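The values are calculated or read from the model by the stated rules, or taken from the named source; none is laboratory data. A quick note: this is a predicted structure, and the numbers were derived from the prediction, not measured. In this analysis, Cβ positions are derived from the backbone assuming ideal geometry, glycine residues included, and neighbour counts consider all displayed protein chains. For accessibility, only protein heavy atoms count, side chains too; no ligands or nucleic acids. Shrake-Rupley method; radii C 1.70, N 1.55, O 1.52, S 1.80 Å.
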Amino acid sequence: MRQPIIAGNWKMNGSRASIKQLLDGIKAGIGEVKAAEVAVCAPSIYIADVAEQLAGTPVAWGGQNLSTEEKGAFTGEIAASMLLDFGCKYVIVGHSERRTLYGEDDQLVAQKFAVARKAGLTPILCVGETLEEREKGITEDVVARQLNAVIDLEGIEALVDGVIAYEPVWAIGTGKTATPEQAQETHASIRKMMADKDAAVAEKVRIQYGGSMNAANAAELLAMADIDGGLIGGASLKADDFLTICKAAG
Ligand code: 13P
(Lines give C-alpha, C1' and ligand atoms only; values in the text may rest on other atoms or scores of the structure.)
Protein backbone atom coordinates (compact mmCIF):
# COMPACT_ATOMS: atom_id res chain seq x y z
CA MET A 1 0.00 0.00 0.00
CA ARG A 2 1.27 3.44 -0.93
CA GLN A 3 0.82 6.03 1.81
CA PRO A 4 -0.89 9.09 0.32
CA ILE A 5 1.13 12.29 0.39
CA ILE A 6 -0.26 15.80 0.31
CA ALA A 7 2.27 18.57 -0.18
CA GLY A 8 1.68 22.29 -0.29
CA ASN A 9 3.66 24.27 -2.83
CA TRP A 10 3.45 27.81 -1.56
CA LYS A 11 5.34 29.15 -4.59
CA MET A 12 6.36 32.81 -4.06
CA ASN A 13 3.64 33.63 -1.54
CA GLY A 14 3.44 34.59 2.11
CA SER A 15 5.10 36.71 4.74
CA ARG A 16 6.50 35.79 8.13
CA ALA A 17 3.18 36.79 9.68
CA SER A 18 0.92 34.99 7.20
CA ILE A 19 3.05 31.84 7.33
CA LYS A 20 2.86 31.79 11.13
CA GLN A 21 -0.91 32.05 10.92
CA LEU A 22 -1.12 29.36 8.23
CA LEU A 23 1.06 26.95 10.18
CA ASP A 24 -0.82 27.60 13.42
CA GLY A 25 -3.98 26.61 11.57
CA ILE A 26 -2.42 23.50 10.07
CA LYS A 27 -0.97 22.42 13.41
CA ALA A 28 -4.33 22.86 15.12
CA GLY A 29 -6.03 20.47 12.72
CA ILE A 30 -3.32 18.01 11.75
CA GLY A 31 -4.37 15.54 14.43
CA GLU A 32 -7.48 14.78 12.38
CA VAL A 33 -5.40 13.66 9.41
CA LYS A 34 -5.10 9.92 9.85
CA ALA A 35 -3.42 8.33 6.89
CA ALA A 36 -1.75 10.93 4.74
CA GLU A 37 1.79 12.15 4.95
CA VAL A 38 1.74 15.96 4.91
CA ALA A 39 4.42 18.43 3.86
CA VAL A 40 4.77 22.09 2.92
CA CYS A 41 7.30 23.48 0.46
CA ALA A 42 8.15 27.04 1.41
CA PRO A 43 10.06 29.88 -0.24
CA SER A 44 13.71 29.37 0.76
CA ILE A 45 13.94 32.46 2.90
CA TYR A 46 11.14 31.24 5.15
CA ILE A 47 12.36 27.67 5.58
CA ALA A 48 14.11 28.48 8.87
CA ASP A 49 10.85 29.88 10.28
CA VAL A 50 8.91 26.90 9.01
CA ALA A 51 11.43 24.47 10.49
CA GLU A 52 11.12 26.11 13.87
CA GLN A 53 7.34 26.08 13.79
CA LEU A 54 6.93 22.54 12.50
CA ALA A 55 9.62 20.81 14.56
CA GLY A 56 8.04 18.01 16.57
CA THR A 57 4.83 17.99 14.50
CA PRO A 58 3.84 15.33 11.94
CA VAL A 59 4.15 17.91 9.14
CA ALA A 60 7.34 17.74 7.08
CA TRP A 61 8.77 20.61 5.08
CA GLY A 62 10.82 21.17 1.99
CA GLY A 63 12.15 23.53 -0.64
CA GLN A 64 10.80 24.41 -4.05
CA ASN A 65 14.07 24.20 -5.97
CA LEU A 66 17.77 23.47 -5.49
CA SER A 67 21.08 23.91 -7.24
CA THR A 68 22.89 21.07 -8.96
CA GLU A 69 26.10 22.39 -7.40
CA GLU A 70 27.35 21.50 -3.94
CA LYS A 71 28.69 24.94 -3.02
CA GLY A 72 30.67 27.84 -4.35
CA ALA A 73 30.26 30.89 -6.56
CA PHE A 74 26.63 30.46 -7.63
CA THR A 75 24.92 33.67 -6.60
CA GLY A 76 21.33 33.25 -5.55
CA GLU A 77 21.37 29.46 -5.53
CA ILE A 78 20.52 27.06 -2.68
CA ALA A 79 22.41 23.80 -2.19
CA ALA A 80 20.94 20.47 -1.12
CA SER A 81 23.11 20.59 2.01
CA MET A 82 21.52 23.92 2.97
CA LEU A 83 18.02 22.48 2.69
CA LEU A 84 19.11 19.55 4.83
CA ASP A 85 20.70 21.93 7.33
CA PHE A 86 17.21 23.28 7.99
CA GLY A 87 15.58 19.89 8.27
CA CYS A 88 13.98 19.73 4.85
CA LYS A 89 12.75 16.30 3.85
CA TYR A 90 11.46 17.21 0.39
CA VAL A 91 12.41 19.38 -2.55
CA ILE A 92 10.36 20.03 -5.66
CA VAL A 93 12.24 19.59 -8.93
CA GLY A 94 11.09 20.39 -12.43
CA HIS A 95 7.96 22.35 -11.58
CA SER A 96 6.43 23.58 -14.84
CA GLU A 97 6.97 27.18 -13.72
CA ARG A 98 10.70 26.49 -13.50
CA ARG A 99 10.67 24.64 -16.79
CA THR A 100 8.82 27.36 -18.70
CA LEU A 101 9.80 30.60 -16.92
CA TYR A 102 13.39 29.71 -16.04
CA GLY A 103 14.31 27.46 -18.93
CA GLU A 104 14.93 24.28 -16.97
CA ASP A 105 15.14 21.39 -19.41
CA ASP A 106 14.68 17.67 -18.81
CA GLN A 107 18.41 17.11 -18.36
CA LEU A 108 18.80 19.84 -15.75
CA VAL A 109 15.73 18.58 -13.90
CA ALA A 110 17.15 15.05 -13.96
CA GLN A 111 20.41 16.35 -12.49
CA LYS A 112 18.50 18.16 -9.77
CA PHE A 113 16.63 14.94 -8.99
CA ALA A 114 19.96 13.11 -8.78
CA VAL A 115 21.63 15.70 -6.57
CA ALA A 116 18.65 15.87 -4.20
CA ARG A 117 18.44 12.10 -3.95
CA LYS A 118 22.15 11.62 -3.34
CA ALA A 119 22.02 14.22 -0.59
CA GLY A 120 19.22 12.33 1.15
CA LEU A 121 16.35 14.65 0.22
CA THR A 122 13.19 13.24 -1.33
CA PRO A 123 12.72 14.92 -4.71
CA ILE A 124 9.18 15.61 -5.87
CA LEU A 125 9.57 15.33 -9.62
CA CYS A 126 6.98 17.34 -11.53
CA VAL A 127 5.91 16.23 -15.00
CA GLY A 128 3.04 17.32 -17.20
CA GLU A 129 1.93 18.51 -20.59
CA THR A 130 0.82 21.92 -21.87
CA LEU A 131 -2.64 22.44 -23.32
CA GLU A 132 -1.17 22.45 -26.82
CA GLU A 133 0.52 19.12 -26.18
CA ARG A 134 -2.68 17.61 -24.79
CA GLU A 135 -4.64 18.81 -27.80
CA LYS A 136 -2.04 17.27 -30.10
CA GLY A 137 -2.55 13.97 -28.28
CA ILE A 138 1.06 13.73 -27.11
CA THR A 139 0.51 13.86 -23.34
CA GLU A 140 2.00 10.41 -22.76
CA ASP A 141 5.03 11.12 -24.94
CA VAL A 142 5.78 14.35 -23.10
CA VAL A 143 5.46 12.77 -19.69
CA ALA A 144 7.53 9.75 -20.80
CA ARG A 145 10.27 12.06 -22.07
CA GLN A 146 10.34 13.98 -18.77
CA LEU A 147 10.42 10.77 -16.75
CA ASN A 148 12.95 9.03 -18.97
CA ALA A 149 15.44 11.84 -18.51
CA VAL A 150 15.62 10.86 -14.83
CA ILE A 151 15.57 7.12 -15.54
CA ASP A 152 18.37 7.45 -18.11
CA LEU A 153 20.55 9.37 -15.69
CA GLU A 154 19.81 7.56 -12.44
CA GLY A 155 18.18 4.24 -13.30
CA ILE A 156 14.59 3.18 -12.72
CA GLU A 157 15.22 2.20 -9.09
CA ALA A 158 16.09 5.79 -8.21
CA LEU A 159 12.44 6.70 -8.61
CA VAL A 160 11.65 4.82 -5.41
CA ASP A 161 13.52 7.54 -3.49
CA GLY A 162 11.32 10.26 -4.93
CA VAL A 163 7.71 11.19 -5.53
CA ILE A 164 6.25 11.97 -8.94
CA ALA A 165 3.80 14.83 -9.32
CA TYR A 166 1.69 14.81 -12.46
CA GLU A 167 0.73 18.41 -13.04
CA PRO A 168 -0.96 19.19 -16.35
CA VAL A 169 0.29 22.71 -17.09
CA TRP A 170 -3.15 23.83 -18.27
CA ALA A 171 -4.62 22.98 -14.87
CA ILE A 172 -2.10 24.91 -12.77
CA GLY A 173 -3.51 28.04 -11.19
CA THR A 174 -6.32 28.14 -13.73
CA GLY A 175 -9.16 26.65 -11.72
CA LYS A 176 -9.42 24.10 -14.54
CA THR A 177 -8.83 20.73 -12.91
CA ALA A 178 -8.25 17.56 -14.87
CA THR A 179 -11.27 15.33 -14.37
CA PRO A 180 -10.60 12.36 -12.11
CA GLU A 181 -10.77 10.13 -15.22
CA GLN A 182 -8.33 12.31 -17.19
CA ALA A 183 -5.91 12.41 -14.29
CA GLN A 184 -6.25 8.68 -13.61
CA GLU A 185 -5.55 7.91 -17.27
CA THR A 186 -2.23 9.73 -17.19
CA HIS A 187 -1.32 8.44 -13.74
CA ALA A 188 -1.97 4.88 -14.95
CA SER A 189 0.18 5.49 -18.01
CA ILE A 190 3.01 6.81 -15.83
CA ARG A 191 2.71 3.71 -13.66
CA LYS A 192 2.75 1.50 -16.73
CA MET A 193 5.85 3.23 -18.09
CA MET A 194 7.59 2.37 -14.84
CA ALA A 195 6.13 -1.15 -14.70
CA ASP A 196 7.46 -1.92 -18.18
CA LYS A 197 10.92 -1.37 -16.73
CA ASP A 198 10.43 -2.60 -13.16
CA ALA A 199 7.13 -3.78 -11.71
CA ALA A 200 8.25 -3.45 -8.09
CA VAL A 201 9.26 0.17 -8.59
CA ALA A 202 5.96 0.97 -10.28
CA GLU A 203 4.07 -0.50 -7.35
CA LYS A 204 5.98 1.57 -4.79
CA VAL A 205 6.32 5.03 -6.32
CA ARG A 206 3.72 7.56 -5.28
CA ILE A 207 2.22 9.75 -7.98
CA GLN A 208 0.60 12.98 -6.83
CA TYR A 209 -1.84 14.97 -8.89
CA GLY A 210 -1.39 18.75 -9.03
CA GLY A 211 -3.34 21.49 -10.78
CA SER A 212 -6.23 23.33 -9.15
CA MET A 213 -6.80 20.58 -6.61
CA ASN A 214 -8.93 22.09 -3.87
CA ALA A 215 -11.13 21.28 -0.90
CA ALA A 216 -14.12 20.64 -3.17
CA ASN A 217 -12.55 18.34 -5.76
CA ALA A 218 -9.81 16.55 -3.80
CA ALA A 219 -11.85 13.56 -2.62
CA GLU A 220 -12.90 12.43 -6.09
CA LEU A 221 -9.38 12.83 -7.48
CA LEU A 222 -7.80 11.04 -4.54
CA ALA A 223 -10.28 8.17 -4.88
CA MET A 224 -8.70 7.14 -8.19
CA ALA A 225 -6.54 4.03 -8.07
CA ASP A 226 -3.28 5.58 -9.25
CA ILE A 227 -3.58 8.99 -7.59
CA ASP A 228 -1.53 8.78 -4.41
CA GLY A 229 -1.81 12.34 -3.21
CA GLY A 230 -1.71 15.94 -4.28
CA LEU A 231 0.70 18.78 -4.86
CA ILE A 232 -1.35 21.80 -3.92
CA GLY A 233 -0.71 25.40 -4.92
CA GLY A 234 -3.36 28.01 -4.17
CA ALA A 235 -5.43 25.88 -1.79
CA SER A 236 -2.37 25.16 0.36
CA LEU A 237 -2.28 28.81 1.44
CA LYS A 238 -5.48 28.42 3.47
CA ALA A 239 -5.22 26.16 6.50
CA ASP A 240 -8.83 24.94 6.37
CA ASP A 241 -8.73 24.11 2.67
CA PHE A 242 -5.36 22.41 2.97
CA LEU A 243 -6.53 20.33 5.94
CA THR A 244 -9.70 19.33 4.11
CA ILE A 245 -7.56 18.03 1.26
CA CYS A 246 -5.26 16.20 3.69
CA LYS A 247 -8.27 14.57 5.34
CA ALA A 248 -9.70 13.59 1.98
CA ALA A 249 -6.51 11.57 1.45
CA GLY A 250 -7.27 9.61 4.59
P1 13P B 1 -2.57 25.26 -8.11
O2 13P B 1 -3.05 24.28 -7.07
O3 13P B 1 -2.57 26.67 -7.62
O4 13P B 1 -3.23 25.05 -9.43
O5 13P B 1 -1.02 24.92 -8.34
C6 13P B 1 -0.65 23.60 -8.55
C7 13P B 1 0.82 23.54 -8.53
O8 13P B 1 1.49 24.05 -9.40
C9 13P B 1 1.46 22.84 -7.41
O10 13P B 1 2.81 22.65 -7.64
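Using C-alpha pairs below 8 Å separated by at least 6 residues, the relative contact order for segment 1-101 is 26 percent. In this view, the solvent-accessible surface of C88, computed with a 1.4 Å probe and all protein chains in place, comes to about 10 Å². At 1.4 Å probe size, with every protein chain present, just tell me what the per residue accessible area of the chain comes to in Å². Accessible area per residue, the chain: 45 Å².
Across the chain, the longest run free of exposed loop sites, meaning GluC sites (Glu not before Pro) lying outside DSSP classes H, G, I, E and B with no more than 15 other Cβ atoms within 10 Å, spans 78-250. Sparsely packed loop sites in segment 26-83 (the trypsin sites (Lys or Arg not before Pro) outside DSSP H, G, I, E and B with at most 15 other Cβ atoms within 10 Å) comprise K34, K71.
Taking a sphere under 9 Å around the Cβ of V109 and counting the other residues whose Cβ falls inside, with K and R at +1 and D and E at -1, yields a net charge of 0.
Here the relative contact order of segment 43-177, from alpha carbon pairs under 8 Å that lie six or more residues apart, stands at 21 percent. Note on segment 33-104 and segment 127-198: Cα centroid distance 22 Å, given to the nearest whole angstrom.
Surface composition of the chain: carbon and sulfur atoms hold 52% of the protein heavy-atom accessible area at a 1.4 Å probe. Extension gain, S15 to D196: 0.36 nm times the residue separation minus the Cα-Cα distance gives 60.7 nm. In plain terms, the chain from E157 to E220 could stretch by 19.7 nm, reckoned as 0.36 nm per residue minus the Cα-Cα distance. Modelled this way, with points 7 Å down the Cα-to-C-beta line, the labels at E69 and I45 are 2.1 nm from one another.
Based on Cα contacts under 8 Å between residues 6+ apart, the chain shows a relative contact order of 23 percent. Each Lys or Arg adds one and each Asp or Glu takes one away; over the other residues whose Cβ falls under 13 Å from the Cβ of D24, this sums to +1.
To the nearest 10, the accessible area of T68 is 40 Å² with a 1.4 Å probe. Over the chain, dividing the summed -39,500 (n - 2.57) contributions of all DSSP H runs of at least 4 residues by the number of residues returns a 222 nm mean residue ellipticity of -12500 deg cm²/dmol.
In a simple Cβ point-charge model (Lys, Arg +1; Asp, Glu -1; nothing else charged), the chain has a dipole of about 600 debye relative to its Cα centre.
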